[in-house]
């Protein structure tokens, strides 16, 4: 991958990282926190429990995406970005463009699920 392509991907990953961090902060979840805060005095505790479950699931998904973005940025730094973690082949540019934090080529990604 050329230096220009790496720079473009790094910029896209950094923008995605900022976006994910902002979403997590709006949800009351920042790095190092494990639990979201809810108003325990709210009259409908069932609704609070349901909302807590939904928000926890969304925060978990955002946190996983953030970890993937951080891993991709680390790979750029160590020179392994764009290499499939499973088979070791080069991940096609179209996949990298579509999913900058891609860890696997299409073939291996389909085996992961």
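Laboratory data are not the source of any read-out in this text; all were calculated from the coordinates shown. Since the model is a prediction, treat every value here as computed from it, not as a measurement. Positions of Cβ are backbone-derived with ideal geometry, glycine not excepted, and every protein chain shown enters the neighbour counts.
A few points about this structure:
- Placing a pseudo-label 7 Å from each Cα along the Cα-to-Cβ vector at residue 108 and residue 21 gives an inter-label distance of 2.8 nm.
- Computed over the alpha-carbon atoms, the stretch 57-113 gives an Rg to Rh ratio of 0.98, Rh here being the Kirkwood radius from the mean inverse distance.
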